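Report on one structure; see the data block that follows.
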Amino acid sequence: MWLLQCILLCFPLSLALSGWRTPKAPDYAGELHCGLQSFQFTVNLLSQEAESPPALIAWDNQGLLYRLQNDSDCGTWVWQGPGSSVVLEATYGSCYVTEWDSHYIMPIGVEEAGEAGPNVVTKKLLKCPMDLLAQDAPDADQCDSIPVADRLPCAPLPISHRDCEQLGCCYSSKEVNSCYYGNTVTLHCSQEGRFSIAVSRNVTLPPLLLDSVRLAFGNDSGCNPVMTTHNFALFQLPFTSCGTTRRITGDQAVYENELVATRDVKRWSRGSITRDSIFRLRVSCSYSVSSSSLPVNVQVFTLPPPLPEIQPGPLTLELQIAKDNNYSSYYTAGDYPVVKLLRDPIYVEVSILHRTDPYLGLLLHQCWATPSTSPLSQPQWPVLVKGCPYTGDNYQTQLIPVQNAWDLLFPSHHRRFSIFTFSFVDPAVAKQALKGQVYLHCSVSVCQPAEMPSCRVTCPVAD
C-alpha cells in the first residue's frame with residue numbers, strides 16, 4: 001500500500017539592510033506533493049510585467065547557494081507549469097536534499113532582482129516523510145470503465161504516472177483529470193489525522209445506491225460525503241469524529257470506522273424483498289505511537305456477513321468411495337457391493353452437491369457403520385465422533401485434508417477420511433463374524449462462512 005503525504009511549511013524571511021526600507025515580501029504560495037522517489041513543488045512565479053522574473057534557488061549541504069535548473073546530475077528539474085506556475089521536481093537523493101527526523105528536507109528560496117542586485121526575498125522549507133506506503137493500482141478494467149465526465153480527481157495536478165498509481169488511483173495522459181479514483185474503495189490516511197475514503201458504486205453487484213452509503217456511527221452533517229458524483233461518494237473526516245474508534249496495539253495506534261449502505265426493502269402483506277447489495281465495510285489506519293505520526297498501515301476490508309437463519313430447504317449430499325488415496329476416480333452404483341479384504345483401506349468422501357457458494361462449509365458430526373441399510377439398526381460401530389476419529393478403535397480413522405486439493409472447485413464443500421475394513425461380530429455367538437454387507441452413514445451440517453471456527457473441527461475434542 002502507498003500513501004501520498006503532503007506537507008508545506010512556509011517560513012517568511014524579512015531582510016533588514018542598512019539604509020534601505022524593507023518592502024513586504026510577496027507571498028509565493030505553492031503546493032508540495034511527495035512521491036516515493038521524488039517530490040514536486042508548484043509555485044506561481046511568472047509575471048508578464050516583470051522584466052526579470054523571480055527564480056528558485058537552493059543551498060547545498062555546505063551552505064552554498066545555487067539557482068535551480070535542469071540538472072540530472074544533481075537530481076533537479078524545473079519547468080513551466082499550468083498558467084503562470086513553475087514546477088520544481090527533486091529526487092530525494094538530490095544535492096540539495098538532506099535527511100532529518102525521518103523526513104527529507106530541502107530549503108529553497110525565491111530570488112528577485114532589486115535595485116541593489118538580486119536578493120532572496122522568501123524562504124521555504126520543503127519537507128516530505130521518508131516512510132511512505134504504496135497502495136496497489138486498480139486493474140485496467142476498473143479504470144477504463146469510468147467515463148471521462150464521471151471521473152473524480154484523486155490528487156492535485158501535476159502528478160507523475162507512477163506516483164498516481166502508487167496512491168491506488170488511475171492515471172491517463174489523455175484527459176485533464178489524469179489521476180482519478182478507480183471503480184473500487186480507495187482509502188488515504190493523512191499525516192494530519194484524517195480519513196479520505198472514495199467509494200465507487202460499482203464496488204458491489206448490483207451497484208450501490210450511493211445516496212444510501214453512510215458512516216455507521218456518524219449522525220451529524222460533517223459525516224456526510226464531501227463530494228458525490230454519478231459513480232463516486234467521497235468521505236473526508238478527522239479521526240476525532242463520526243464514531244471513529246481508537247485502540248492501542250503494541251506500539252501502534254489504530255483508528256477504525258465503518259461504512260454501510262441502507263437497503264431499499266419492498267414489503268407486502270405476505271413478505272418483503274430487496275434488490276440492493278449488502279454493503280458493510282471497515283477502514284483502518286495505523287500509526288506508530290513512538291514516531292512522528294506517520295501511517296504505518298492502511299486497510300480496507302469488508303466485514304463478514306451475518307450468519308444466515310436456519311431454515312428448511314433442499315440440500316443434496318453425497319457419500320462415495322474412491323478407488324485410490326488420490327481420489328482420482330470413484331466407484332459407481334454398478335460397482336457395489338465393493339469387496340475388500342479385512343484391514344484394507346477405504347477412502348470415503350462426503351460432499352455437498354449442486355451448490356456454487358464458496359462460503360459454504362461442510363461439517364461432519366458422526367459417522368458410523370451398520371450391517372443393514374437402516375442407520376438405526378444394531379449393532380453399530382463409530383467411525384467419527386464429533387467429527388474426529390473414534391479413539392476406541394485400534395485402527396483409527398484417518399482424516400484427509402482437502403483445502404489444497406487441485407481437483408476440487410470448492411474444497412470447503414468436501415470432507416474426506418479413510419477407514420480400515422472390518423466385519424461385525426454376532427452378539428449372540430462370541431467372536432463369530434457376521435456375514436453380509438457393511439453400510440456407512442454420516443450426520444453432517446452445512447455452515448457459513450466456511451473459514452470461521454464454527455465450521456471447523458479441531459481434534460481431539462472433549463467427550
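The values are calculated or read from the model by the stated rules, or taken from the named source; none is laboratory data. Quick caveat, the model's predicted, so the values are computed rather than measured. Note: ideal-geometry Cβ built from the backbone for every residue, glycine included; neighbour counts use all protein chains shown. We work out accessible area using only protein heavy atoms, side chains counted, and drop any ligands, DNA or RNA first. Shrake-Rupley method; radii C 1.70, N 1.55, O 1.52, S 1.80 Å.
Of everything in region 135-147, what is open to solvent by 80 Å² or more (accessible area, probe 1.4 Å) and either modelled with pLDDT of 80 or more or more than 16 Å from residue 201 (Cβ to Cβ) (or both)? Give them in sequence order.
The answer is 136, 139, 144.
Just a yes or no: is a residue in region 344-364 open to solvent by less than 50 Å² (accessible area, probe 1.4 Å), under 16 Å from residue 319 (Cβ atoms), at pLDDT 90 or above and in a loop (DSSP other than H, G, I, E, B)?
Looking for residues that are open to solvent by less than 50 Å² (accessible area, probe 1.4 Å), under 16 Å from residue 319 (Cβ atoms), at pLDDT 90 or above and in a loop (DSSP other than H, G, I, E, B), one finds none in region 344-364, hence no.
Out of region 58-104, which residues are β-branched (Val, Ile, Thr) and not in a strand (DSSP E or B)? Give the derivation first.
First, the residues of region 58-104 that are β-branched (Val, Ile, Thr): 76, 78, 86-87, 91, 97-98.
Across region 58-104, the qualifying residue is only 97.
May I ask you to verify whether residue 442 is touching a strand residue (DSSP E or B) at 6+ places or on another chain (Cβ under 6 Å) and over 19 Å from residue 369 (Cβ atoms)?
Details: touching a strand residue (DSSP E or B) at 6+ places or on another chain (Cβ under 6 Å): yes; over 19 Å from residue 369 (Cβ atoms): no.
No; evaluated as a whole, the condition is false for this residue.
Read through the list (1) open to solvent by less than 50 Å² (accessible area, probe 1.4 Å); (2) polar (S, T, N, Q); (3) more than 30 Å from residue 451 (Cβ to Cβ), then give the number of the only condition that residue 412 fails.
In the conditions (1) open to solvent by less than 50 Å² (accessible area, probe 1.4 Å); (2) polar (S, T, N, Q); (3) more than 30 Å from residue 451 (Cβ to Cβ), residue 412 misses (3) alone.
Give me a count of the residues in region 153-194 that are open to solvent by 30 Å² or more (accessible area, probe 1.4 Å), part of a strand (DSSP E or B) and over 20 Å from residue 281 (Cα atoms).
Residues meeting the conditions: 2.
Since residue 202 meets every condition but one in (1) surrounded by 16 or more Cβ atoms within 10 Å (Cβ to Cβ); (2) touching a strand residue (DSSP E or B) at 6+ places or on another chain (Cβ under 9 Å), which condition does it not meet?
Condition not satisfied by residue 202: (2).
Condition check: touching a residue at least 60 places away in the same chain (Cβ under 8 Å) and either charged (D, E, K, R) or over 17 Å from residue 327 (Cα atoms) (or both). Does residue 382 satisfy that? Give the derivation first.
Details: touching a residue at least 60 places away in the same chain (Cβ under 8 Å): no; either charged (D, E, K, R) or over 17 Å from residue 327 (Cα atoms) (or both): yes.
Answer is no for this residue.
Go through region 365-377 residue by residue and tally those that are touching a residue at least 40 places away in the same chain (Cβ under 8 Å) and either open to solvent by 50 Å² or more (accessible area, probe 1.4 Å) or part of a strand (DSSP E or B) (or both).
Going residue by residue through region 365-377, those that are touching a residue at least 40 places away in the same chain (Cβ under 8 Å) are 365-373, 375.
Now restrict to residues that are either open to solvent by 50 Å² or more (accessible area, probe 1.4 Å) or part of a strand (DSSP E or B) (or both): 365-370, 373, 375.
Going through region 365-377 one residue at a time, the tally reaches 8.
Can residue 244 be described as among the hydroxyl-bearing types (Ser, Thr, Tyr), open to solvent by 20 Å² or more (accessible area, probe 1.4 Å) and at pLDDT 85 or above?
Values: among the hydroxyl-bearing types (Ser, Thr, Tyr): yes; open to solvent by 20 Å² or more (accessible area, probe 1.4 Å): yes; at pLDDT 85 or above: yes.
Yes.
Every residue in region 205-237 that is modelled with pLDDT of 80 or more, farther than 15 Å from residue 258 by Cα and part of a loop (DSSP other than H, G, I, E, B), please.
The answer is 207, 208, 209, 226, 229, 230, 231.
Within region 49-84, can you find the residues that are among the small types (Gly, Ala, Ser) and modelled with pLDDT under 80?
50, 52, 63, 72, 81, 83, 84
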